[in-house]
Each structure stands twice: as structure tokens, then as C-alpha cells.
Amino acid sequence: MPAAVYWHSQAHMPTVHGAEVVIDRGEGAYIWDADGRRLFDATASLWYCNVGHGRAEIANAVAEQIRRLETYHTFGPFLNAAARDLAIRLSDLSPMDEPRVFLTSGGSDSVDTAAKLARRYWSAIGSDGKDWLLTRDGSYHGLHGFGTSLTGIEMNREGLGPVVAQTARVSMQEPGALEDRILELGPDKVAAFFCEPVVGTGGVFPPADGYLEAVQEICRAHDVLFIVDEVITGFGRTGYPFACIRFDLDPDLMVLAKGLTSGYLPLGAVLVSQRVAAPFWEEGTAHSFRHGLTYSGHAAACAAAEVNLDILEAEHLIDAVANLEPLFRDELSALAGLPVVSEVRCIGLLAGVQVDRPELAQEIALRAPDYGFVTRALPGGTLQFSPPFVVTADEIRWLAEAVRDVISALS
Ligand SMILES: Cc1ncc(COP(=O)(O)O)c(C=O)c1O
């Protein structure tokens, strides 16, 4: 066996070195490790495999696209047909009014695109200096330059030196804290508020009643762009096509990735309202948004997205999430009766089981495969549950029992 050289994401290497969990194949809501052990994928990998693993129809569509044209770049006037068609479909699907669509290679790319566009928009309309970017405490917006700076998880900035300036966090659930911060900085200095409708990686925190509607109002009142990061919630995770539909929101920009392809290929998107697009799209404008990626609108990834969206529709998987939500909530909430579980937070097919010690949560996640499933310990000691949408009621009941067993055995 050659020495392992793979550097794991966000890992303490001496801990994971020699203890790698190597996943070899997947089908539906299950994955198999390299030893042939079948495991229930209780997190849909990293909250993305919504249609389940092993979809041959996506593989076939991608192969067909690559045989025809692997991709073609979209700089200047160039475009490929797959990107053109997917952009139209996303614009139609979105609750926004015919947004313009910028395609990227994933969530962090989308966040950085949205952050740059927010600042660039204000500059283009003559409001230079309106460049503060605000986010919620505990939020996660990826790990590129802007995302690392925006994120509400402090440890992600440790040891990096100066990160992007003019970024700040506000209290996660109190709309008043956002308004206070905007007033303190001056509304003419604040470009945008980035908002995960459900804080995900920070511990699965659904919004407090009325929170999202209130922050949207505050942004409108002070002319601050309202950017909703639907990287986790987009494409059905809350039982609605977008959390913006569930909570009746009308954002200026929407940030998407993960469920767009269910992870079959990397792809992200930023949906841009006509207002924000206007300075760059109007006849006679002098402005361009000088941003783009080699793989913006990658044709094979767009082909994967098209079939993924077809599957969501044909199998009514978003309705399935809505129908399973009460059972999922009831089954996992019952774990709050365990002495070490202080709280269980649920929405759609998303849940965070709060364990009272982060080290114990880590240990539970490490031992979960011995009980037939995989989960993940989020910072702060939350166990993540976000199964693929093809999960059945019986599997949810089984999962809750298996989680109870591993927690009981270790506490
Ligand atoms: C809300 C949110 N935004 C952005 C990202 C970054 O996405 P990616 O890891 O695809 O770059 C994530 C990833 O988990 C996320 O949860």
C-alpha cells in the first residue's frame, strides 16, 4: 500500500491519517466503504446528494455531453448550449423575477461571485465606498477569500493574516442587531447582508419566527442588498424548491450549488435580480463585471444538473421531503430525552442533534459506521442529519434508533 498523501479538507491530519473512511460506491441512500460495509448516508455526503447515489441516467447524460462537447468556455461572447439552457431553466424555476444567471463551479465560487458583484454594483451606480458585507454569527459561506472572511465560524480565519476587509457578523437570530450594525456603520457604507436561511454548518439552526422576513425588510429600508445563500437549502431540502419560497423572500441575489447537481459534478450558480444586473446589461452601459471562471457553465456539469432537476420533478422528491418532515422531526426530536442531548433542531430533511460536549459528538460520528450509518460532528458539537430525499419512513425510524444506540453506548 503506498503511503497516504491525500490532505483531507478541514482535518487534523495526524488524527485522520491511518483512519481514513474510504467510500467506494453508492446506491440510493446507501454507500459502501472499501471493506464492503454498507452504510446509510445520513448526511447525503456533504448535504448535496439529494436524488441519491448511483443514478445511471445522470451518468449517461454526462457521458453523452462529453462525447459531443466536454465544455466550452463562456468568456466574452462564447457560450455552450448546455449552459444556455440550464440558465433559462434556473431563471424560470426561481421565485425571483427573471433573474440573470451566473454559473460557477461550486458554493464558494458562488459566494465570492456574489460578494464581488454586490460591491461592484454599488460602485457602478456611483455609490463607491458602500462595501461592508455583513453575515450572521455561526453562518458558513465556504472557504474562498470572501467566504472565509464572511463566515461566522471564527476558527476558519485563524492564522491567515488579514482577510477581506469591511466584513462583519451580527447576532444570528435578532433582526435588531442587523439594523443596529447598519446604522452604526452608516447605510451608505453597507453593500449587502448575506443570509443562510437555515444556518447549516454552524449547527443547523432554522430561523427564529419572523427573522427572515424582518431582515429582508431592514435591508430594503436601508438600501442594503439582501443575498440569500441557498447552497444547502436550494432544490428542496426544506420541502420547498427554495427556502425563499418557504419563507416568502425576494432576494437581490441567490447563491446556489450542491443540490443543483446533487453532487454528480461540481456546479454553482448566482441568480441576480434585474435591478442588480441592470448597470451591466443596459444598452450603452460602460460597465462590465470583470469576473468569471474557466469552468463557469461547464457543459458536462450543466447536463448533470438538467437530469438531476428532471429526477426531482419526475419522482416528486421535493413533495417527499415535505411529507417526511413531521416524521423526521418527531423521530429525531425524541433523542432529546437522552441525558447528553440538549436540543434537536429540525426543518425539512435537515436536523442538528446537539450533544452537550463537542468531543463526544466527534466520538459518536467516528463510531457511527459501526452502527450502520455515517454522520458528521459540526463545530460546537452538533450531529448533522440530512439524508437523501429518497429515504423512506422506515429508514428514518431505523436511523433514529441507530443514533440512539450509538449515543447511549458512548455516554
Ligand atoms: C451555506 C453554504 N454556502 C457556501 C458553501 C460552500 O460551498 P462549496 O463547499 O461547494 O464551495 C457551503 C458548503 O457547505 C454552504 O453550506
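The values are calculated or read from the model by the stated rules, or taken from the named source; none is laboratory data. Values in this document were obtained by computation on a predicted structure and should not be read as measured data. Cβ: placed from backbone, ideal geometry, glycine included. Neighbour counts: every protein chain shown. Surface accessibility is based on the protein's heavy atoms, side chains included, excluding ligands, DNA and RNA. Shrake-Rupley method; radii C 1.70, N 1.55, O 1.52, S 1.80 Å.
Taking the Cα centre of segment 205-297 as origin, work out the dipole magnitude from +1 charges on Lys and Arg Cβ and -1 charges on Asp and Glu Cβ, in debye rounded to 20.
Here segment 205-297 has a charge dipole of around 400 debye.
Compute the projected area of the convex hull of the Cα atoms of segment 212-291, averaged over all viewing directions, and report it in nm² to one decimal place.
For the Cα atoms of segment 212-291, the hull's average projected area reads 6.6 nm².
Placing +1 on the Cβ of each Lys and Arg and -1 on the Cβ of each Asp and Glu in segment 261-411, which of Ala303, Gly284, Val390 has its Cα farthest towards the positive end of the resulting dipole?
Value: Gly284.
What dipole magnitude, in Debye to the nearest 20, does segment 14-114 give about its Cα centre under +1 on Lys/Arg Cβ and -1 on Asp/Glu Cβ?
Approximately 200 debye in magnitude.
Which value at 222 nm does the chain reach when only helices count, each DSSP H run of 4 or more adding -39,500 (n - 2.57), with the total divided by all residues and rounded to the nearest 500 deg cm²/dmol?
-11000 deg cm²/dmol
Under 17 Å from a label point 7 Å along Cα→Cβ of Ala278: give me every residue in segment 122-158 with its amide N that close.
Label zone hits: 122-128.
Based on a Kirkwood Rh over C-alpha pairs, give the Stokes-Einstein translational diffusion coefficient of segment 144-273 at 37 °C and viscosity 0.692 mPa s in µm²/s.
Estimated via Stokes-Einstein, D reaches 212 µm²/s.
Output the relative contact order of the chain, whole-number percent, from Cα pairs under 8 angstrom with separation of 6+ residues.
21
Over all directions, what mean area does the Cα convex hull of the chain project, stated in square nanometres?
Mean shadow area of the hull around the Cα atoms is 20.7 nm².
With every protein chain kept in the model, how would you rank Thr15, Thr167, Thr392 by accessible area, 1.4 Å probe, largest at the top?
Thr15, Thr392, Thr167
Tell me the label-point distance for the pair Glu213, Val5, using the 7 Å Cα-to-Cβ offset, in nm and rounded to one decimal.
Calculated label separation equals 5.7 nm.
Restricting to Cα pairs below 8 Å that are 6+ residues apart, what does the relative contact order work out to for segment 239-373? Please round to a whole percent.
That works out to 19 percent.
Among Leu293, Met172, Phe247, whose Cα projects farthest towards the positive end of the dipole of the chain, with charges put on the beta-carbon of Lys, Arg (+1) and Asp, Glu (-1)?
Leu293
Sort out the exposed loop chymotrypsin sites (Phe, Trp or Tyr not before Pro) in the chain (DSSP loop, at most 15 other Cβ within 10 Å) and tell me the longest stretch that has none.
79-411
Taking a 1.4 Å probe, which of Val16, Val355 shows the most accessible area, and what order do the others take after it?
The ordering from most to least exposed comes out as Val16, Val355.
Nearest 20 debye, what's the magnitude of the dipole of the chain about its Cα centre given +1 on Lys and Arg Cβ and -1 on Asp and Glu Cβ?
In total the dipole reaches around 860 debye.
What distance in nm separates the simple spin-label points at Lys189 and Arg290, each placed 7 Å from Cα in the Cβ direction?
Modelled inter-label distance: 2.7 nm.
When the Karplus curve 6.51 cos²θ - 1.76 cosθ + 1.60 is applied with θ = phi - 60°, which whole-Hz ³J(HN,Hα) does each residue of segment 398-411 get, with x for Gly and Pro?
Using θ = phi - 60°, the values come out as 4, 4, 4, 5, 5, 5, 4, 4, 5, 5, 5, 5, 9, 10 Hz.
Lys/Arg Cβ at +1, Asp/Glu Cβ at -1, dipole of the chain taken about the Cα centre: which of Ala400, Ile218, His17 is farthest positive-ward?
His17
Which cross-chain or sequence-distant (5 or more) residues have an amide H under 5 Å from the amide H of Ala269, H modelled 1.01 Å from N in plane?
Under 5 Å from the amide H of Ala269: Thr104, Leu256, Ala257.
Once the other residues with Cβ under 13 Å from the Cβ of Glu315 are scored (Lys, Arg +1; Asp, Glu -1), what is the net sum?
Result for the local shell: -3.
Whose amide H sits under 5 Å from the amide H of Tyr140, counting only residues 5 or more places off or on another chain, with H placed in the peptide plane?
Gly152, Gly200, Thr201, Gly202
For labels at Glu315 and Glu154 in the simple 7 Å Cα→Cβ model, what's the distance in nm?
With each label point 7 Å from Cα toward Cβ, the separation is 4.3 nm.
Taking 0.36 nm per residue of sequence separation and subtracting the Cα-Cα distance, how much length would be gained by fully extending the chain between Asp35 and Ile125, in nm to one decimal?
Extra length from Asp35 to Ile125 when fully extended: 26.5 nm.
Taking the Cβ-Cβ separation of Thr392 and Arg89 as r and a Förster radius of 30 Å, what is the calculated FRET efficiency to the nearest 0.05?
0.55
How high is the relative contact order of segment 159-224? Use alpha-carbon pairs under 8 Å, at least six apart in sequence, and give a whole percent.
36
When a/c is below 1.5 the answer is rounded, else prolate if a/b is larger than b/c, else oblate, so apply that to segment 98-203 with a ≥ b ≥ c taken from the square roots of the Cα gyration tensor eigenvalues.
Rounded, because the longest to shortest axis ratio a/c is under 1.5.
Rg (Å, one decimal) plus Dmax (Å, integer) for the alpha carbons of segment 189-331?
According to the Cα coordinates of segment 189-331, Rg and Dmax are 17.0, 58 Å.
Using the Karplus curve 6.51 cos²θ - 1.76 cosθ + 1.60 with θ = phi - 60°, work out ³J(HN,Hα) for each residue of segment 114-124 in order, rounded to whole Hz, and write x for Gly and Pro.
Couplings: 5, 5, 5, 5, 4, 5, 5, 4, 5, 4, 4 Hz.
May I ask you to evaluate 6.51 cos²θ - 1.76 cosθ + 1.60, the Karplus curve with θ = phi - 60°, for each residue of segment 279-286 and list the ³J(HN,Hα) values in order in whole Hz, giving x for glycine and proline?
x, 9, 10, 5, 3, x, 5, 8
Can you grab the distance from the C-alpha centre of segment 70-123 to the C-alpha centre of segment 270-345, Å, no decimals?
Centre-to-centre (Cα) distance: 14 Å.
Quick one: if the Förster radius is 41 Å, what FRET efficiency do Ala59 and Glu401 give, using the C-beta to C-beta distance and rounding to 0.05?
0.75
Just add up the charged neighbours of Asp131: K/R +1, D/E -1, any other residue whose Cβ is under 12 Å from the Cβ of Asp131.
Computed value for this residue: +3.
Just the accessible area per residue of the chain, please: how many Å² with a 1.4 Å probe?
43
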